[in-house]
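Structure first, then comments.
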Amino acid sequence: MSDREKNEIVGGMLYLVATPIGNLADLSERAVKVLSEVDFIAAEDTRNSRRLLSALGIGKEMLSYHDHNRRERGEEIARRLKTGESCALITDAGTPGISDPGEDMVALCAAEDIPVTLIPGPCAAINALVLSGLPTERFVFEGFLSAKASERRAALDELKGEKRTVIFHEAPHKLRAALADMCEAFGEDRRIALCRELTKLNEEIIRTTLGGACELYAEREPRGEFVLVVEGAKDAKEEKFFVCMTEREHVGHYISLGMSKNDAIKAAARDRGVHKSEIYKFMIEE
Ligand code: SAM
């Protein structure tokens, strides 16, 4: 199949289109083509999306599709798709279906045998996971924690023994409470990457421990959008083995397993949730 045929708009298809999470240049060529050529666009926030579309010079029929009208509006969109119209669905930012009503629209299409495809692009959770420096091989996405303290704590309690890396969305005004509860549930030594304002000019990745994050944000006002990536739980055995060791002994342990000195320093730093320069310091001092 030629590229032209492959990218042709198909009648009756729902196109989920990923949009930028902060950097307009992240909108793909294919996304622009689909937005320009479909019959109509369903958007979570039509005002926001109109700004994006007018920056692209696209004027098109737009319907709102959000948390509060997703049932009726979803059915209306499905009816139009069944008559052969094509529709692009965009949510506030990022990949539709991740922590937004896109999920329901796909479920409806799946139930009604309506073809759906995704024009891939930015997704804050994946962006953060990749930049976290934490294991990416196995991970869990938890979306937003509840704003209610009791529900948030219960959810974190369930995750206490989770060994995979855990990803959370978080709003700035709830950050301090979430960090305090995470510290309580997972312990202050658990590593975390706070990924802020991804793809924007002020993108910032803070790699620290939960204790360190609580201290930092006790002083600093949380601002912007955050994804929190938290290290998974270690086996009790794994967690304890270096507790009684000095930094030098900890490095020696890894060297005895066959690691180079450099790698052993890195591994000890990773276990302790500190930068490798902290371990180097002890290697020189002792
Ligand atoms: N569907 C979106 C996606 O694929 O990224 C996520 C939508 S969810 C309603 C919005 C949350 O994503 C924000 O509260 C924040 O946690 C995260 N987020 C979105 N953009 C971000 C950014 N530029 N930097 C950090 N986090 C971001």
- Task: For the range 170-204, enumerate the residues that are under 13 Å from the mean Cα position of the chain (by Cα), near the ligand (Cβ under 10 Å from one of its atoms) and in a strand (DSSP E or B).
- Result: 170, 194, 195, 196
- Message: Is it the case, given these coordinates, that residue 38 is in contact with a Ser or Thr (Cβ under 6 Å, 6 or more places away or on another chain) and in contact (Cβ under 8 Å) with a residue 24 or more places away in the chain?
- Response: yes
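Determine, yes or no, whether residue 45 is more than 30 Å from residue 224 (Cβ to Cβ) and acidic (Asp, Glu). So that I can check it myself, show each step before the final result.
On the way: more than 30 Å from residue 224 (Cβ to Cβ): no; acidic (Asp, Glu): yes.
No.
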- Message: Looking for something open to solvent by less than 60 Å² (accessible area, probe 1.4 Å) and either farther than 30 Å from residue 144 by Cβ or within 16 Å of the ligand (Cβ to nearest atom) (or both) - is there at least one such residue anywhere in the range 232-240?
- Response: no
- Message: Residue pairs, Cβ under 6 Å, 6 or more apart or interchain, first in the range 260-279 and more than 19 Å from residue 212 (Cβ to Cβ), second surrounded by 17 or more Cβ atoms within 10 Å (Cβ to Cβ) and not charged (D, E, K, R). List them.
- Response: 264/251; 264/254; 265/251; 265/279; 267/254
- So which residues in the range 50-74 are without any contact (Cβ under 8 Å) to a residue 12 or more places away in the chain, open to solvent by 30 Å² or more (accessible area, probe 1.4 Å) and not in a helix (DSSP H, G or I), if there are any at all? 57, 59, 68
- Say we look at the range 170-191 and pick out the residues that are of a type in the set (Lys, Arg) and closer than 18 Å to residue 205 by Cβ; which of these is least open to solvent (accessible area, probe 1.4 Å)? 190
- Query: Which residue out of 126, 98, 167, 77 is buried (at least 16 other Cβ atoms within 10 Å of the Cβ), assigned to a helix (DSSP H, G or I) and within 16 Å of the ligand (Cβ to nearest atom)?
  - Reply: 126
- Looking at the range 232-246, which of the residues that are out of contact with any His (no Cβ under 9 Å at 6 or more places or on another chain) and in a loop (DSSP other than H, G, I, E, B) is modelled with the lowest pLDDT? 235
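The values are calculated or read from the model by the stated rules, or taken from the named source; none is laboratory data. No experiment lies behind these values; they were computed from the predicted model shown. Methodologically, a virtual Cβ is constructed for each residue, glycine included, from the backbone with ideal geometry; neighbour enumeration extends over all protein chains shown. With ligands, DNA and RNA removed, areas are computed over all heavy atoms of the protein, side chains included. Shrake-Rupley method; radii C 1.70, N 1.55, O 1.52, S 1.80 Å.
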